Every structure is written in structure tokens, then in C-alpha cells.
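Take a look at the structure set out below.
The values are calculated or read from the model by the stated rules, or taken from the named source; none is laboratory data. Since this is a predicted model, take the numbers as computed values, not measurements. Using ideal geometry, Cβ is built from the backbone for each residue, glycine included, and neighbour counts are taken over all protein chains shown. Ligands, DNA and RNA are stripped out before the accessible areas are found, and what is left, the full protein with its side chains, is counted by its heavy atoms. Shrake-Rupley method; radii C 1.70, N 1.55, O 1.52, S 1.80 Å.
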Amino acid sequence: RKSELGLQLAQSMARVTSWVGYPLEGGVELGQGAGRIDGALEHIESWTEFLELVHPDDRSRLRLAWRRGRAGGLMDIEFRLLIKGECIDVHAMAEFGIVEKTRMLRASGMMQDITEMRAVQRALRNHGDHLEREVAERTAELVDARNRAERLAKNKSAFLANVSHEIRTPMNAVLGLSQLGMRESQNRKIAATFEQILQSGEHLLNVVNDVLDLSKLEAGKLTVE
């Protein structure tokens with residue numbers, strides 16, 4: 001008696017109930033713990049009455065598993081009860097066998113309310129999906145920022161290279177004319193002026209060459225000798 005009371009208490013706390021059904025005759029008997037799942041289950045006496053409490057979307061699947069029961073077979077299925085507009089997730093297991101005296105096919109097993117467990121799993125799954133979406137969005141933002149940075153760097157390098165080449169062309173003319181003016185000038189003061197122009201031009205040309213080397217470095221096209 002104590003063992004039986006302990007089992008009933010454990011079933012009640014875990015929202016588990018034992019159940020026995022007769023697939024061919026259509027009878028169903030639920031244990032005392034059925035009331036902890038829902039009070040409507042306490043008065044169920046037939047398989048038809050039980051099916052009326054099953055969610056319409058799950059009835060055909062449960063009915064098919066029930067009808068396929070054979071002696072020595074097992075049924076392990078999850079479905080939903082829809083009672084007064086509230087869904088209850090249920091996990092039912094049963095073993096099919098033949099009653100020796102009556103030769104009737106009987107299914108006996110356990111039925112458990114897993115609503116809270118499924119709710120937690122759905123919450124975790126939704127949270128995981130939310131995190132995945134956030135990670136995907138953040139990754140897309142970082143990829144977009146990296147692509148923009150790469151485009152800006154490429155445009156900057158191209159701009160520097162173009163500007164440097166554009167500067168070198170007139171600089172060569174300035175240096176050439178300065179050399180010509182310094183060589184052909186008869187006035188020492190004017191020749192010194194051309195020499196200053198030449199020195200400043202050569203210094204500016206070195207700066208331009210450094211800018212070109214920088215753009216080649218960034219483009220990965222610098223040749224080392």
C-alpha cells in the first residue's frame with residue numbers, strides 16, 4: 001500500500017498517469033494521475049471520447065498509431081490535447097499484448113504532460129534562432145564595412161598613383177628647363193635661381209616617388225631590387 005501511494009504521488013508530481021486501452025473494443029482507462037494533466041481526463045471511458053480531446057491536427061496520426069498496434073509491439077508518440085482552448089503536449093507510450101483469459105488485444109503504458117518541457121525547448125530554440133539572426137546581421141555589417149574600407153583604400157591608392165603620375169610629368173619639364181636655364185644663363189644670380197629651382201624640384205620629385213612607392217605597397221605591386 002505504501003509503495004502504491006508513493007507511485008501515485010510520484011506520478012502526480014511528474015504529471016504522469018498510467019493508462020490501459022483496448023484497440024479492438026475501443027475502451028480506455030486512465031490512472032489516478034490523469035487529473036493532474038487535466039480534469040477532463042478523469043471521466044474518459046472510451047477511445048472515441050479521448051480522441052475528441054486530441055488536437056484535430058494530431059488525431060489522424062494518433063489514430064493510425066493506435067490501429068497499427070499488434071501483440072508484442074510498442075507505441076511511442078507525442079501529440080497535443082486541446083481542452084477548453086488550451087493545448088497540452090503529451091508523450092504517450094504503450095506496449096501491446098494479448099490478455100490470456102479473454103484473448104483481447106490490450107495496450108498498457110504511461111502518459112505524461114510535457115507541456116512545460118516543450119515550452120522551454122521552444123523558448124531555447126527561438127532564443128537560439130534570435131542569436132543566429134543577430135550574429136548573421138552583425139557579420140553582414142562587418143563584411144559590408146570591410147568591403148567599404150577595401151574600396152576606399154583601393155580608391156585612395158588609385159588616386160595617389162594618378163596624382164603622382166600627373167605631377168611627375170610637369171615636374172620633369174620644370175627640372176629640364178631649370179637645368180637648361182642654369183647651363184645657358186650668363187648671369188650668375190639668375191643661374192643660382194635656376195639651381196634653387198632644380199634642387200627644390202628634385203626634392204619634390206623624391207616626395208612624389210615616395211607616394212608612388214606607398215601606393216605600390218598598398219596594391220602589393222612593389223618590386224624590391
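Data table
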item: Flag if residue 150 is surrounded by fewer than 11 Cβ atoms within 10 Å (Cβ to Cβ), out of contact with any strand residue (DSSP E or B) (no Cβ under 7 Å at 6 or more places or on another chain), free of Cβ contacts under 8 Å to residues at least 12 places away in the same chain and within 21 Å of residue 214 (Cα to Cα); result: yes
item: Hits in segment 10-55 - residues which are open to solvent by 80 Å² or more (accessible area, probe 1.4 Å) and touching a residue at least 60 places away in the same chain (Cβ under 8 Å); result: 15, 24, 25, 36
item: Some residue of segment 91-106 being under 20 Å from residue 38 (Cβ atoms) and part of a loop (DSSP other than H, G, I, E, B); result: no
item: Criterion (surrounded by 12 or more Cβ atoms within 10 Å (Cβ to Cβ), modelled with pLDDT under 90 and within 30 Å of residue 150 (Cβ to Cβ)) met by exactly one of 225, 218; result: 218
item: Selection count where residues are in a helix (DSSP H, G or I) and not β-branched (Val, Ile, Thr), scope segment 21-75; result: 26
item: Every pair of residues 6+ apart whose Cβ atoms lie under 7 Å, when the first sits in segment 56-76 and is more than 14 Å from residue 104 (Cα to Cα) while the second is open to solvent by 60 Å² or more (accessible area, probe 1.4 Å) and not aliphatic (A, V, I, L, M); result: 58/80; 74/95
item: Selection status of residue 44, within 37 Å of the chain's Cα centre (by Cα) and modelled with pLDDT under 90; result: no
